[in-house]
Amino acid sequence: GQVKTYSFTAGTEATLDPMTGATQVIGSGTDDTPTALPLSIGFTFNFDGVNYTQYSVSPDGWLLLGPATAVSQFSNSTTSTTNIPKLYPYWDDLATGTTGAVKTLVTGSAPNRIFIAEWYVTIPRATSGAANSTMQAWLYEASGKVEFRYGTMGAGSMSASVGLSGNTPATNFNSVTVSTGTNSTVTANDLNAGQPASGTIYTFTPMVPAVKWTPDTQLDFNNILNPVASNLTETTLFTVTGTNAGCTSSST
């Protein structure tokens, strides 16, 4: 479903992944420049109703899904059509400074893997200062859920965006107001002045029915809306069963 239909919750006491064995995709001394080429997520991730296997990431606190080459975008606008679709735990003009980096990691095993991106950056932006802010985005393979988790964040008056932007961002976004821990799918907030407290977690969960396809031996996934069948040698009848709010329906 569209990101504007994702449910939103705000919580506290969340922990960060230690990122043991993570891959550094952006190093220190980087200001605004995203990864040069799209990188592999490590699994198929459904976002805004579309399956993605690649991503790009920026030191400015955002991550782009898809095969398109990312461009620098330090000026934050929830409804911008540049670098879409994107998710952003804290999007503003940031930098990795003298000690920061952006790292990524995949944990767990199929079909329950989690892709984690971690930003260690400077807030407020300081190209020659030490990184002082840590935040993570968690992407869940099985459910399409997105989590933003925050460690210590640098203090300073900013004008940041936090949330999700879909493929039609003018009308399809999920925007967070940090000061109240609330979201809006009608009014975009690109002026978050403060930072989430350490331990804050924002969770965005797709509101889609649970689905199961059978037979599933020749499908890439048996629990997504649009699986891909391969190596078929004869006409095959597939059955899909959807469950939502206690109601079940099947079709072939």
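FYI, it's all coordinate maths here, none of it is from the lab. Since we're looking at a predicted model, the values are computed, not measured. Using ideal geometry, Cβ is built from the backbone for each residue, glycine included, and neighbour counts are taken over all protein chains shown.
Quick notes on this structure:
- Length-normalised contact order of segment 12-156 in % [C-alpha pairs under 8 Å, at least 6 apart]: 24 percent
- FRET efficiency estimate (nearest 0.05) - Cβ-Cβ, residue 54 to residue 98, R0 30 angstrom: 0.50
- Normalised by the number of residues in the chain, the average gap of Cα pairs under 8 Å and 6 or more apart makes the relative contact order 20 percent.
- For segment 170-175, 3J(HN,Hα) per residue [Karplus equation, 6.51 cos²θ - 1.76 cosθ + 1.60, θ = phi - 60°, Hz, x = Gly/Pro]: 4, 10, 9, 9, 9, 10
- Site pair residue 44 and residue 171 shows an inter-label distance of 2.8 nm when each label is modelled 7 Å from Cα along Cα→Cβ.
- Ranked by the mean number of other Cβ atoms within 10 Å per residue, highest first, peptides 217-226, 85-94, 42-51 order as 85-94, 42-51, 217-226.
- Using a Förster distance of 22 Å, the FRET efficiency for residue 191-residue 72 (Cβ separation, nearest 0.05): 0.55
- Net length gained if the chain between residue 152 and residue 251 were fully extended (0.36 nm per residue, minus Cα distance): 30.7 nm
- At 0.692 mPa s and 37 °C, Stokes D of the chain from Kirkwood alpha-carbon radius, µm² per second: 175 µm²/s
- Extension reserve of the residue 5-residue 109 stretch, reckoned as 0.36 nm per residue once the Cα distance is removed: 34.7 nm
- Mean Cα-pair separation over length for segment 183-234, i.e. relative contact order, pairs under 8 Å, 6 or more apart, %: 20 percent
- The length gained by stretching the chain between residue 230 and residue 212 to full extension, at 0.36 nm per residue less their Cα-Cα distance, is 4.7 nm.
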